[in-house]
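The values are calculated or read from the model by the stated rules, or taken from the named source; none is laboratory data. Since the structure is predicted, the reported quantities are computational estimates derived from the model, not experimental observations. Note that each Cβ is placed from the backbone with ideal geometry, even for glycine, and that neighbours are counted across all protein chains shown.
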Amino acid sequence: MEVLGVIWVLLRLLLVTLLAVVVFFSCYIKCVHLKYDHIPGAPRPSFFLGHLPIMWRMLKKKELYFDVFVQWAEEYGPVVRINAFHKIALLVVSPEGVKEYLMSPEYPKDPIVYGSLYNIFGERFLGNGLTATLDYNPWHKQRRILDPAFSRTYLMGMLEIFNDKAEVLMRMIMDKANGKSEVDLMDLFGRLTLDVIAKTAFGLELETLQDDQTPFPRAVNMIMTGMSNMRIPFFEYLPWNRKVVKEIQESVRLVRRIGKECIERRRKAIQDGEDIPQDILTHILQSAGQEGDADQETMLDNFVNFFVAGRETTANQLSFTIMELSRHPEIVAKLQAEVDEVVGEAEDIASEHLGQLKYLSQVLKEVLRLYPPAAATLRRPGKENIIEGINIPKDTSLIFCMYVMGRMERCFKDPLVFDPDRFRKDQQRPPYSYFPFSLGPRNCIGKKFAQIEAKVVMAKLLQRFDFEIVLPQSYKILDVGTLRPFDGVVCTLKPRNQRD
C-alpha cells in the first residue's frame, strides 16, 4: 500500500507539473497574441497551432500554401500576421515595406531560416557562404570578391560555353523529335544547367546530359532531396529515413571534397604560372588574393551554393516557360518569328542577339512573375518600424514573397493572365512589386548568369522545334525548397522544318 501511495503522489505531482506547463505556455501564447493582434490576419483555427492546420491540410492535398498567402494578402494586406505555435511571421506585401527592408543593408536575413542552411543533417552545407551569411559586413566582403566574376562583360566571355552545352541538349532532343517520343524537358534542363555551372564556374566537364548517374551529379541530386526533406520536423531521427539521410550526408561530403580538390589544383596552377581557364573560379581566387581573404571553407560553401542555386533557378524557369507556352500557341508563334528574324539559321546565339530578343526577354520575365523559383526571402529587423501605419515589432520574421506580390491584383492587372506585354518598356509597373531575384544589395548574384543561360537555351529550342505537352498536365506547382512544375514537363517535339 505504501508503494501505491508513493506512486499516486508522483502521478499527482506529474499531473500538476504538466498542468502548470500548459497554463504557463498558454499564458505565453496569449501574451504573444496581444503583442501582434493589432496586425490584420486570417482567423486562427487553433489557439496553440495558429494557422498551421490550414497549411498542413494544403500540404496533405499537395497544394501550394503560397496560394492561401495570396488570398490573405488581398484580404488583410499590406501586412499580414501568420501564427505558428508561439512564433509570429509577418507577410509584407507593401511596396513601401519591400523598399524599406530589401533595399537597405541594415536589416539581416532571418536566422531561423537561413541559419538552418549552415548544416544539412549535421554536415556543413552552405556554411558562411553568400546565401546563408546573415550579417551584412561579412556578406559584403564576399560579394565584393565575387561580383566581378558575374558581371555581364565577364559572362559574355563565357557565351561559347553556354552555346556549346545548349547544343548538346539540342542534339539529344533532335534524336527524339519525331512527334511521338516523350521527352522529359524538366529533367534535361536540370542536367544542362548542372553542366553549364560546372564548366563556366569551375572548369569541370561533368557531361551530366549524357549520364546523370555518375557520382557528382547524383550527389547534387541527393543534396536537393535533402533540402526538401530538412524542412520536415524530425526527418533525420526517424529510423526509416536513416538510409537516405546517410546518402545525403555522404553527398555533401563528396561535393565539398571535389570542390576542395578543384580549388587546390587551380591555386597550384596559378602559383606555378600555368595556363589556366579564365572561368569564375580563377577570377575568385585572384580577387580573394588581392583582398587578402582566402578562407577555403567559405569558398567551399560558395562552391556548393553555386551548384544548388545555379542548377535550380534556370532549370525551373525554363521548365515553367515550356509549361506556360504550351497553353499559348500564339505567343510561341510570335517568339519563333522573333528568333527567325534575329538569329536566323545561325547555330550559336551571339551577344548581339541577346539584346535584340526583346519579346523573349518579356516572356521570361513574365514567367518569373508567376513562377519565381525562389518564392520568398526573409528578414528579421532588430528594431521596430511602421509600415503603412502598422507597427512592426522588432525581432519579427518578415516574409517578402515574390510569388504572392506577382499574383496580386493591386500590383498587376489581371494577375493570373500570362501577358508578356506587361514588360514592354512603355508599360508602367508599380515599383518594388517585382523582384524574382530579390532586390537591393543582397539580390541574387547569379541573376545575369541565369538570364543569359535561359535566353540561349530558349532561343535555340524555339529556332529548331515545335513542342506539345503530354497530357494530362495539371499545371500545378510543387514546392521542394524551390518551385517547379508538379508534373514535370514531358513533351513531344518535332523539327520546325518538318511541319505538316
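Quick check on Ser151: is it touching a helix residue (DSSP H, G or I) at 6+ places or on another chain (Cβ under 9 Å), over 23 Å from Ala219 (Cα atoms) and of a type outside the set (A, V, I, L, M, F, W, C)? Here the answer is yes, as Ser151 does meet what is asked. If you check His33 against the conditions, is it within 24 Å of Pro393 (Cβ to Cβ) and modelled with pLDDT under 95? Against the criterion (within 24 Å of Pro393 (Cβ to Cβ) and modelled with pLDDT under 95), His33 qualifies. Within the stretch 308-343, being under 13 Å from the mean Cα position of the chain (by Cα) and of a type in the set (Lys, Arg) holds for one residue alone: Arg311.
Just the residues that are touching a helix residue (DSSP H, G or I) at 6+ places or on another chain (Cβ under 6 Å) and either in a loop (DSSP other than H, G, I, E, B) or modelled with pLDDT under 90 (or both), please, taken from the stretch 104-124. Across the stretch 104-124, the qualifying residues are Pro105, Tyr107, Phe121. Taken as a whole, the condition of being among the aliphatic types (A, V, I, L, M) and within 25 Å of Val168 (Cβ to Cβ) does not apply to Ala337.
Looking for something among the charged types (D, E, K, R), within 14 Å of Met170 (Cα to Cα) and either touching a residue at least 12 places away in the same chain (Cβ under 8 Å) or touching a Cys at 6+ places or on another chain (Cβ under 7 Å) (or both) - is there at least one such residue anywhere in the stretch 468-479? Within the stretch 468-479, not a single residue is among the charged types (D, E, K, R), within 14 Å of Met170 (Cα to Cα) and either touching a residue at least 12 places away in the same chain (Cβ under 8 Å) or touching a Cys at 6+ places or on another chain (Cβ under 7 Å) (or both).
Quick grid of which residues meet (1) over 24 Å from the mean Cα position of the chain (by Cα); (2) under 26 Å from Ile390 (Cα atoms):
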site: Leu10; (1), (2): yes, no
site: Val16; (1), (2): yes, no
site: Tyr28; (1), (2): yes, yes
site: Cys31; (1), (2): yes, yes
site: Gly50; (1), (2): yes, yes
site: Leu64; (1), (2): no, no
site: Val70; (1), (2): no, yes
site: Leu91; (1), (2): no, yes
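The single residue among Ser438, Ser433 that is over 20 Å from Ala309 (Cβ atoms), small (Gly, Ala, Ser), part of a loop (DSSP other than H, G, I, E, B) and in contact (Cβ under 8 Å) with a residue 24 or more places away in the chain turns out to be Ser433. Residues of the stretch 50-76 that are in contact with a strand residue (DSSP E or B) (Cβ under 8 Å, 6 or more places away or on another chain) and either loosely packed, with under 14 Cβ neighbours inside 10 Å or small (Gly, Ala, Ser) (or both): Gly50, Pro53, Lys62, Ala73. Any residue at all in the stretch 448-469 that's more than 25 Å from Asp184 (Cα to Cα) and surrounded by fewer than 20 Cβ atoms within 10 Å (Cβ to Cβ)? Looking through the stretch 448-469, at least one residue is more than 25 Å from Asp184 (Cα to Cα) and surrounded by fewer than 20 Cβ atoms within 10 Å (Cβ to Cβ). Going residue by residue through the stretch 88-100, is there one that turns out to be modelled with pLDDT under 90 and surrounded by 15 or more Cβ atoms within 10 Å (Cβ to Cβ)? There is no residue in the stretch 88-100 that is modelled with pLDDT under 90 and surrounded by 15 or more Cβ atoms within 10 Å (Cβ to Cβ).
The single condition from (1) buried (at least 20 other Cβ atoms within 10 Å of the Cβ); (2) part of a helix (DSSP H, G or I) that Asp187 fails is (1).
Of all residues in the stretch 375-391, those that are free of Cβ contacts under 8 Å to residues at least 24 places away in the same chain have Cβ atoms under 7 Å from Cβ atoms of residues that are surrounded by 12 or more Cβ atoms within 10 Å (Cβ to Cβ) and of a type outside the set (A, V, I, L, M), 6 or more apart or on another chain, in Glu384/Asn391; Glu384/Pro393.
Based on this model, can you work out whether Leu238 counts as more than 22 Å from Pro148 (Cα to Cα), of a type in the set (A, V, I, L, M) and exposed (fewer than 15 other Cβ atoms within 10 Å of the Cβ)? So Leu238 fits the description; yes. I'd like to check something: does the stretch 390-397 contain any residue that is of a type outside the set (Gly, Ala, Ser) and surrounded by fewer than 12 Cβ atoms within 10 Å (Cβ to Cβ)? Within the stretch 390-397, one or more residues are of a type outside the set (Gly, Ala, Ser) and surrounded by fewer than 12 Cβ atoms within 10 Å (Cβ to Cβ).
Within the stretch 477-500, the set of residues being under 17 Å from the mean Cα position of the chain (by Cα) and either closer than 18 Å to Asn221 by Cα or of a type in the set (D, E, K, R) (or both) comprises Leu478, Asp479, Val480, Gly481, Thr482, Leu483, Arg484, Pro485, Phe486, Gly488.
Suppose the filter is under 30 Å from Lys35 (Cα atoms), buried (at least 22 other Cβ atoms within 10 Å of the Cβ), aromatic (Phe, Trp, Tyr) and in contact (Cβ under 8 Å) with a residue 24 or more places away in the chain; does Phe306 pass it? Here the answer is no, as Phe306 does not meet what is asked. Look at the stretch 357-370: where a residue is under 12 Å from Leu325 (Cβ atoms) and touching a residue at least 12 places away in the same chain (Cβ under 8 Å) and a partner is hydroxyl-bearing (Ser, Thr, Tyr) and in a helix (DSSP H, G or I), sitting 6+ places away or on another chain with Cβ atoms under 8 Å, you get Val363/Thr321; Leu364/Thr321; Val367/Thr321.
Quick grid of which residues meet (1) among the hydroxyl-bearing types (Ser, Thr, Tyr); (2) without any contact (Cβ under 8 Å) to a residue 60 or more places away in the chain; (3) in a helix (DSSP H, G or I); (4) at positive phi:
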site: Asn137; (1), (2), (3), (4): no, yes, yes, no
site: His140; (1), (2), (3), (4): no, no, yes, no
site: Ile145; (1), (2), (3), (4): no, no, yes, no
site: Pro148; (1), (2), (3), (4): no, no, yes, no
site: Leu155; (1), (2), (3), (4): no, no, yes, no
site: Ile161; (1), (2), (3), (4): no, yes, yes, no
site: Lys165; (1), (2), (3), (4): no, yes, yes, no
site: Arg171; (1), (2), (3), (4): no, yes, yes, no
site: Asn178; (1), (2), (3), (4): no, no, no, no
